[in-house]
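Working notes for the structure below.
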Amino acid sequence: MVNSSLNSRKYNFWFLLFFLVSPLFSYIAAIRNYRAPFSKNVVWFFAAFLGYCLQIQLDSTSDSAVYMNNFLNYYNYRLGYDHLTSSFFSNRNHIEIVGNLISMTVAQFTNNYHFLFMSYGLFFGYFFSRNIAYIYENFSGNLRKGSIWLTVAITF
């Protein structure tokens, strides 16, 4: 029992080290070995990596540019959590509690939007990777290649 736990930790360590060297190849290895215990963590970290690498044009009108501008407003105007709670229900058509809370928290430390999107990737990637792992662990049949490609497409 102890030996098995030690081997599992060693295996997880090597794959996380492999992730630091090459996130894309470790992600591919995690998808190929989707039943391994390390795979969900690699998918989780890969979501954070993708968030960090996201590039946004300054003149863009995309949703990510709106998130970035809100984030920069939180940082530049030093808005506090009291402003955040009062703004939750000001726009009744678009209530976003978790995203604004993450944005406000990250704005307390930096104005680099890469860290904001990495935080989004860490938060939402955790739930995404656990849901994917749950599906793969409880699927008793043979997975088709299409379902693995679908997982890759949803990750990106």
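Given a 1.4 Å probe and heavy atoms of the protein chains only, how would you sort HIS83, HIS114, largest accessible area at the top? List each step's numbers first, then the result.
Numbers: HIS83 75, HIS114 30 Å².
Most to least solvent-accessible, the answer reads HIS83, HIS114.
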Ordering SER103, SER119 by how much accessible area each has at a 1.4 Å probe, largest first, what is the list?
-> SER119, SER103
Angstrom value of the Kirkwood radius, inverse mean 1/r, which spans all Cα pairs in the chain | 17.6
Normalised by the residues of the chain, what does the relative contact order come to in percent, with Cα pairs under 8 Å and at least six apart?
-> 29
In the chain, what percent of the accessible surface is made up of carbon and sulfur (1.4 Å probe, ligands and nucleic acids excluded)?
-> 62
Measuring from the longest principal axis of the C-alpha atoms of the chain, the long axis of helix 2-21 (C-alpha) lies at a number of degrees, nearest 10, equal to 50
Calculated from DSSP helices alone, with each H run of at least 4 adding -39500 (n - 2.57) and the total divided by the residues of the chain, [θ]222 nm to the nearest 500 comes to -23500 deg cm²/dmol
If you keep only loop residues by DSSP, which trypsin sites (Lys or Arg not before Pro) in the range 1-86 have at most 13 other Cβ atoms within 10 Å of their Cβ?
-> ARG35, ARG78
Toward the positive end of the charge dipole of the chain, about the Cα centre and with charges on Cβ (Lys, Arg +1; Asp, Glu -1), which of ALA36, VAL66, PHE123 goes farthest?
-> ALA36
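The values are calculated or read from the model by the stated rules, or taken from the named source; none is laboratory data. Every value quoted in this text rests on a predicted model; they were computed, and no experiment measured them. Every residue, glycine among them, receives a Cβ derived from its backbone with ideal geometry; neighbour counts consider all protein chains shown. Quick note on the areas: whole protein, heavy atoms, side chains included, nothing else; ligands and nucleic acids left out. Shrake-Rupley method; radii C 1.70, N 1.55, O 1.52, S 1.80 Å.
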